[in-house]
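Asker: Okay, here's the structure, questions in a sec.
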Amino acid sequence: MHPFRPIFRTFALLTPMLLIVAASVLARTTLEVDVARNSLVQGGFVTVDARGTETAPVVSFMEKEWPMFRQEDGSWQALVPVENLSEPGRYSLTVSAGERRRELPVTVKPNGLKVQYITLSPSKSSLHATAIEKSRVKAALMTITPDRLFAEGFIRPCKGETSSLFGLKRSYNGGPATSYHKGIDIAAPQGTAVHSTAGGRVVLAGTVPEGFEVHGNTVILDHGQGVTSVYLHLDSISVKEGQRVEKGGQVGTVGHTGISTAPHLHWGVYLYGVSVNPELFLVNRPVFLRARR
Ligand SMILES: [Zn+2]
């Protein structure tokens, strides 16, 4: 008889019991973290899921902290933006919940977008964002609320061709490219209906007479959990601040107000106040809406 056999037998019996005990201990103590890496380009975002904690976890990434939000199944999620002008390369992403932390390597890839040269007429190029529109837009885009109003997904807000992509670095009238396009432009006739990209709440409805001289008539929606969307250059606005809007509900019509060379909708999506490529939200079954384990 092999001398180790009885020991193996004992282990064979004990192992399932040990695994059950270990699993129940781990369920309370292990912080599980998933990072979906498929959109890690400049101007993209990373979906971070965590479970196994009652303490609200926080993501640390690119020297900033991003709070995570409780989901219906008890897990936590954050859509963490990768700023369009960030340096491509290797980074580490950390999720912390109390004393526990998990660190994961992530690689940010370049989006390969070129400089776009724009010529504005003297009357348009002399317009500068007023203090009122700057501060009201910034405050609205930084809205962070806990309810996930975007659970039904996202739609393209307006019929028409995309006339300008997200992320293009911009040079106005031959000047240096110091900014980039923080949304997509959809060319459409004046008066075309503009719809809410997802369920949300109106956090800003601003008009040219109120000082929105660059953005034009503007609507900003809060979709919850750090996600907001903007609709610029509108001809008319059909919602009021504080109002709930369903996905696809009309918020206004396409116009030519503010700095705009032809009737179009400028549509942007922001995460924690950072603009990301809105087309990433239109993919079929986006990672952040998939059923989690
Ligand atoms: Zn635009």
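Derivation of every value follows stated rules applied to the coordinates shown; laboratory data play no part. These numbers were taken from a predicted model, which means no experiment stands behind them. Virtual Cβ from ideal backbone geometry, glycine too; neighbours counted across all protein chains shown.
Asker: Along the three principal axes, how long is the stretch 32-108 when you take its alpha carbons, biggest first, rounded to the nearest angstrom?
Answerer: Cα extents, longest axis first: 34, 24, 16 Å.
Asker: Please provide three numbers in whole Å: the alpha-carbon extents of the stretch 115-283 along the principal axes, with the largest listed first.
Answerer: 44, 33, 29
Asker: Something else about it: For the stretch 94-158, place one equal point scatterer on every Cα, skip the solvent, and apply the Debye formula. What is log10 of I(q)/I(0) at q = 0.29 Å⁻¹?
Answerer: Reported log10 I(q)/I(0), two decimals: -1.10.
Asker: Would you calculate, for the chain, the mean residue ellipticity at 222 nm contributed by helices, counting each DSSP H stretch of 4 or more residues as -39,500 (n - 2.57) and dividing by all residues, to the nearest 500? Write out the running numbers ahead of the final one.
Answerer: Values: 3 runs with 40 residues, N = 293.
Mean residue ellipticity at 222 nm (helix-derived): -4500 deg cm²/dmol.
Asker: Listing GLU213, GLU152, GLU161 from the residue with the fewest other Cβ atoms within 10 Å to the one with the most, what is the order? Don't skip to the end; give the middle numbers.
Answerer: Values: GLU213 17, GLU152 13, GLU161 9.
Fewest to most other Cβ atoms nearby, the residues stand as GLU161, GLU152, GLU213.
Asker: Within the stretch 151-171, list the residues whose amide N lies under 15 Å from a label point set 7 Å along Cα→Cβ of ALA262.
Answerer: Label zone hits: 160-165.
Asker: Pairs to check: LYS114/LYS182; LYS64/LYS134; LYS114/LYS169. Give those whose C-alpha atoms are more than 18 Å from each other in this structure. Could you put the intermediate results ahead of the total?
Answerer: Numbers: LYS114/LYS182 14 Å; LYS64/LYS134 23 Å; LYS114/LYS169 6 Å.
From LYS114/LYS182; LYS64/LYS134; LYS114/LYS169, over 18 Å: LYS64/LYS134.
Asker: Under the 0.36 nm per residue contour assumption, what length would be gained going from the current alpha-carbon distance of GLN190 and LEU85 to full extension?
Answerer: On the way: separation 105, 0.36 × 105 = 37.80 nm, distance 3.25 nm.
Result: 34.6 nm gained on full extension.
Asker: What translational D, rounded to a whole number of µm²/s, comes out for the chain from Stokes-Einstein when the hydrodynamic radius is the Kirkwood one over Cα pairs, at 25 °C and 0.890 mPa s? Before the final figure, lay out each step's value.
Answerer: On the way: Rh = 21.1 Å.
The diffusion coefficient I find is 116 µm²/s.
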